[in-house]
Structure formats: C-alpha cells, structure tokens
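Comments concern the structure below.
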Amino acid sequence: MSTVSKVVLGVSVGLTLSTVAAVHLNQTWDRERLHEGVVRDLERQDRKKDNLRLLEEQRSLTAQLLLLQEDQRRSRGI
C-alpha cells in the first residue's frame, strides 16, 4: 500500500471516528435537555397545583369572612 493511500485511509478513519463521536455527544446533550424539560414541566405542574390549592383556600376564607361580616351586620341591626 502506498504512503498516499495510507494517509487517505488514516484521514478518513479519523474523520469517521470524530463524526461518530460528535453525533454521540449531540444525542447525549439532546437527551439531557429533554430530561430537563420533563423536570421543569413536573415542577410547573406542582406549582400550578399549589396555586390552585391556595386559590381555593382564599375563596373559602373569603366566603367565611363574608358570612361573618353579614352575621355582624345582622346582629347590629344594620
């Protein structure tokens, strides 16, 4: 095998290996980003549940306050 053919073979093997490594790294990074997206979505869902729970508590407290105020008005005769 001539020197030129050995160099061409070496370069093509090197380029092939670097391409495979680059694709593998990109897939790994993409997988990590997808996982981070899932984690963010789960956190967002938890925050939404907490916010809805707090909203319901506030509605309940508001209703209780309104009833209390109405009772106080009635007892005063207003």
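Please treat every number below as a calculation from the coordinates, not as lab data. Small disclaimer: the values here were computed from a predicted structure and weren't measured.
Results, tabulated for the structure shown:
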{"item": "Distance histogram for the chain (every C-alpha pair counted, 5 angstrom bins, percent rounded to whole numbers)", "result": "3, 12, 7, 8, 7, 6, 7, 5, 6, 5, 5, 5, 4, 4, 3, 3, 2, 2, 2, 1, 1, 1, 0"}
{"item": "Between helix 3-76 and the chain: long-axis angle, C-alpha atoms, 0 to 90°, nearest 10", "result": "0 degrees"}
{"item": "CD proxy at 222 nm, helix term only [per DSSP H run n ≥ 4: -39500 (n - 2.57); per residue of the chain; nearest 500]", "result": "-36000 deg cm²/dmol"}
